[in-house]
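The values are calculated or read from the model by the stated rules, or taken from the named source; none is laboratory data. Keep in mind that what you see is a predicted model, and the values were worked out from it rather than measured. Cβ atoms come from the backbone with ideal geometry, glycine included; neighbour counts cover every protein chain shown. To get the accessible areas, we keep the full protein, side chains included, count just its heavy atoms, and leave off ligands, DNA and RNA. Shrake-Rupley method; radii C 1.70, N 1.55, O 1.52, S 1.80 Å.
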Amino acid sequence: MSEQNIISLTVDGGVAVIRVNSPPVNALSFAVRQGLWQAFENAFADDGVEAIVLICEGRTFFAGADISEFGKPMQEPSLVDLLAMIEGAPKAVIAAIHGTALGGGLETALVCHYRVAVPSAKLGLPEVKLGLLPGAGGTQRLPRLIGAAMALEMVTSGSPIGAKTALDAGLIDELAPANGLREAAIAFARKIVSEKRPLRRARDLPVEGATPELFSEFRKAKARKFRGFAAPETNIQAIEAASSLPFDEGMKLERRLFEELRAGTQSKAQRHIFFAEREAGKIPGLQRDAEIRPVGKVGVIGAGTMGGGIAMNFLSAGIPVTIVEMQQEALDRGVATIRKNYENSAKRGRITAEAVDANMALLNPVLDLEALAGCDLVIEAVYENMDVKRDLFGKLDTICKPGAILASNTSYLDLDEIAAATSRPESVIGLHFFSPANVMRLLEVVRGAKTDASVLATAMKLAKTIGKVAVVSGVCHGFIGNRMLAQRRREADRLILEGAMPWDVDRVIYDFGMPMGPFQISDLAGLDLGWSKESSKGETIRERLCEMDRRGQKTGAGFYDYDEKRRPTPSPLVEQVILEMSARQSIERRAIDDEEILERCVYPMINEGAKILDEGIAFRASDIDVVWVNGYGWPVYRGGPMLYGDTVGLAHVRDRLSHYASIHGADFLPSELLCRLADEGKGFGNL
Ligand code: 3H9
């Protein structure tokens, strides 16, 4: 698009209207900055112009700096220079905001002398989510407008606020009618001129409420949440600087901190995930106009933790759900849990009390599969057993209307085998939710050999509707995520037989940035998953612990001992069991350092990811990263296992895998793809 088309300048009775049209989100790219510079110069020079309105077309006010330019050399004018020019304007500048004024977009609004917004507008500084801090004056101007406390919260959470809250806080000056932003902004501009109001520059205002205690208490309260991340602390320092340094000094500091973060590995990783999540939604070979089947009614089979969580996604999105259980008691329990979850959300202020009732009113609990006849999509979340699933899909095939999509939430089983139990394998798909299904953002969409393009397209669209990040996986045991997880599980189990203790492994994985280590996860999930007393032979540590009734948190003991508040402590008894098992298997225990624990848990996962990629199970390495960040709590600042492999260097990963293969055997043999990329000095990002 040419510059003329991106920026237009019209004059309406003494008010210049600078209009920006740079789809999709009016990011402040070089072309936009250059066009704005020119337009403002023209408006300044025009004696007939008394005030200037800055407004955007399309879905939003500027959604920020153009993130895709971050790795490239800066082209003048910089955003900082452009904003200084606007702030220093000789005439009043009014920002007219709709959609999402984010990052550099809000920073642009902050240099305007006044701000008007429609009620649905959202305003925020989400840079922290990209491992950054606002780098065009946001940390210096925002606290001057809304006070230090609220600014701290906004920059470190990255969450936007609504227009009404922004009005109350003094971030905007007036609410405009939903459909009359341009007119309202022009009228506001005329009022400013006729009342001879001063040009209100944020830079000239004092910062309210910046006490030393505010910062120390904020750091203390958020320490756990910010663990491992570099950007939140840097954001806090910049807000502190706004209150302790003169404006221009604060700007210099903000600039330096921004550049440090931008060049660091954390921000690179977080930006990688931002684009990877959007890329994951694009399916190679799938036409953009692929038919989308309407999904107005959903059926869920199973009202347990998984089924209930899955149902909540649709209810929250306003889609009616029929939920099926076999026993009345289980059904009642499931429905009560859903209600309780919604009520807890309401108590925390996440949804309104009315929304609890509205969501529950969309739920139709039944005991009869026949009630699913009218559903457009049915998702089963029953026991993970092939015979059970095949039997169920056979029944669904006869009950559900033609064209209805039949989905399985299986986490391991062969989807094609399940689909073969129906006369409509083209309408069968895997929708693998992650527990808790109403919270975790990941949805693995499993494409069977015969899954129709329209079914895949419908699933991807639906995932967006219910707020999930969808990643397509082909059929294999465990799909993308669990197949890789199995590698870590195997090594964790071996490491404790060879010399480490569960708490050593968990500490290393936790310090790496994961929310929990593998043994803590086992205790949480229950060690008796798939275990039975009758067949237990005490041959593994897990079997021994189950036999001792140490089945995890629910029994107060597993790999760890738990107190009444479920706080874990290492168990001497478990230590004994492990030592005995090592002796029984004639394994000579040795000291294992943290580096070996990390490499043996993580590098085989990267290797498995390479195989998954090579086999075409995943479309892209970045899809695998999206799976791990959104489904397993991989620290986003490390960008997922594949980017992590690239960051440490694939040649290094290959060499370490070869080293371990020489000691521990074929499980560590580096894959063909990994070796090829390492030989060529490339990373997964080059594919
Ligand atoms: C910043 O501002 C730094 C400054 O402080 C300092 C500078 C010196 N740049 O998400 P969607 C693309 S940092 C480039 O699917 P939605 C996106 O990739 C920035 N591209 O739509 C996608 O492309 P494609 C601070 C961007 O309606 C398309 O737009 N701002 C940018 O679900 C549609 O995006 C942010 O962090 C960008 N800034 O959500 C805001 N933003 O179609 C980041 C989007 O080719 N953006 N794209 O895949 C968002 O949060 C959402 O995109 C938004 C729209 C809410 C705006």
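Numbers for the structure displayed
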{"quantity": "Entirely in segment 221-296, the helices (runs of 4 or more DSSP H) that have 1 or more residues that are within 20 Å of residue 647 (Cβ to Cβ) and open to solvent by 70 Å² or more (accessible area, probe 1.4 Å)", "calculated": "247-263, 265-280"}
{"quantity": "Pair list, Cβ < 8 Å and 6+ apart or interchain, from segment 542-554 residues that are under 12 Å from residue 519 (Cβ atoms) to residues that are outside any helix (DSSP H, G or I) and open to solvent by 70 Å² or more (accessible area, probe 1.4 Å)", "calculated": "553/566"}
{"quantity": "Criterion: without any contact (Cβ under 8 Å) to a residue 60 or more places away in the chain and closer than 21 Å to residue 601 by Cα - qualifying residue of 517, 513, 538", "calculated": "517"}
{"quantity": "Residues satisfying the stated conditions in segment 635-687, i.e. open to solvent by 50 Å² or more (accessible area, probe 1.4 Å) and touching a Phe, Trp or Tyr at 6+ places or on another chain (Cβ under 6 Å)", "calculated": "638, 656"}
{"quantity": "Condition met for residue 496 (modelled with pLDDT of 95 or more, more than 28 Å from residue 620 (Cα to Cα), touching a Pro at 6+ places or on another chain (Cβ under 7 Å) and away from the ligand (no atom under 16 Å from the Cβ))", "calculated": "yes"}
{"quantity": "Candidates 450, 461, 537, 533 - the one that is among the basic types (Lys, Arg) and in a helix (DSSP H, G or I)", "calculated": "461"}
{"quantity": "Evaluation of residue 197 against (1) within 34 Å of the chain's Cα centre (by Cα); (2) more than 13 Å from the ligand (Cβ to nearest atom); (3) assigned to a loop (DSSP other than H, G, I, E, B); (4) not small (Gly, Ala, Ser) (one fails), failing number", "calculated": "(1)"}
{"quantity": "Helices (runs of 4 or more DSSP H) enclosed by segment 26-128 - at least 3 residues per element that are surrounded by fewer than 19 Cβ atoms within 10 Å (Cβ to Cβ), away from the ligand (no atom under 11 Å from the Cβ) and at pLDDT 95 or above", "calculated": "30-45"}
{"quantity": "Count - residues of segment 129-148 that are farther than 22 Å from residue 201 by Cβ and either part of a helix (DSSP H, G or I) or within 7 Å of the ligand (Cβ to nearest atom) (or both)", "calculated": "3"}
{"quantity": "Matching residues in segment 442-474 - criterion: being within 19 Å of residue 313 (Cα to Cα), in contact with a strand residue (DSSP E or B) (Cβ under 8 Å, 6 or more places away or on another chain) and not aliphatic (A, V, I, L, M)", "calculated": "444, 458, 464, 468"}
{"quantity": "Flag for residue 427 being out of contact with any strand residue (DSSP E or B) (no Cβ under 9 Å at 6 or more places or on another chain) and in the same structural domain as residue 457 (by TED's automatic domain parsing)", "calculated": "no"}
